[in-house]
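Working notes, beginning with the structure itself.
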Amino acid sequence: EETEMWFKEDLVKLRMPMGMGMQSDVLILKDKVVLLMDLMGNKLAMETTKTEVENENTASKKAVVKLIAGETKNIAGYECKKAILSTPGEKDMIVWYSDKIKSNGSWYFQMSEIKGFPLEFSMKTGEISVRMTAKEVRMESVDDAVFTVSSDYKVMTQEDMMKMMGGQVK
């Protein structure tokens, strides 16, 4: 399946199809992060802040970025350089980025030290390996409406979402 991403200044939208009539979007709106889920027509939005996401994911696990000199490859028409993100207790993430595409790193805070835009990254978690590679980069104007939550979504907190899914609340 294909994932799509839109960028405009410090606004980001990531759309991931999940199969069987389901889809999830992540909106990063400056410091606000909104997870949108369309579960076969049941539309839910969970809001949090980028700071809360960073604190949750990094509790003493700040990634160290190592830029690898000399290794390059072409992805979607851009020459990309290699970087390795190492996080204590986790497997390394390999990132291929182009310094010809500027990014403020707002879409994934652990990559903020990389001066360019990631066009491929791969990581392993347990037995699962994930690799995302850009197939196409289009430099075009993006309408602000792409970064809004439509009124047909029910907005919830993370606590509300956990209760609804039957999970334990911290």
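The values are calculated or read from the model by the stated rules, or taken from the named source; none is laboratory data. What you are looking at is a predicted structure, and each value in this text was computed from that prediction instead of being measured. Virtual Cβ from ideal backbone geometry, glycine too; neighbours counted across all protein chains shown. These accessible areas exclude ligands, DNA and RNA; they are computed on the full protein's heavy atoms, side chains included. Shrake-Rupley method; radii C 1.70, N 1.55, O 1.52, S 1.80 Å.
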About the Cα centre of the chain, how large is the charge dipole given +1 on each Lys and Arg Cβ and -1 on each Asp and Glu Cβ? Please answer in debye to the nearest 20.
460 debye
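Any idea of the accessible area per residue across the chain, 1.4 Å probe, to the nearest Å²? Please list the in-between numbers first.
Numbers: 10860 Å² over 170 residues.
So the chain comes to 64 Å² accessible per residue, rounded to a whole number.
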Please express the Cα-Cα pair-distance distribution P(r) of the chain as a list of whole percents, one per 10 Å bin, running from 0 to the bin with the greatest distance.
9, 32, 39, 18, 3
Listed residues Thr148, Thr125, Thr87; largest mean-square fluctuation, Gaussian network over the chain with Cα springs below 10 Å, found at Thr125
When the accessible area of the chain is split by element with a 1.4 Å probe, what percent falls to carbon and sulfur?
51 percent
Fluctuation leader among Lys66, Lys82, Lys13 - the chain, Gaussian network, Cα springs under 10 angstrom
Lys66
May I ask which of Lys43/Lys81; Lys32/Lys154; Lys91/Lys154; Lys8/Lys124 have a Cα-Cα span longer than 27 Å here?
Lys43/Lys81; Lys91/Lys154; Lys8/Lys124
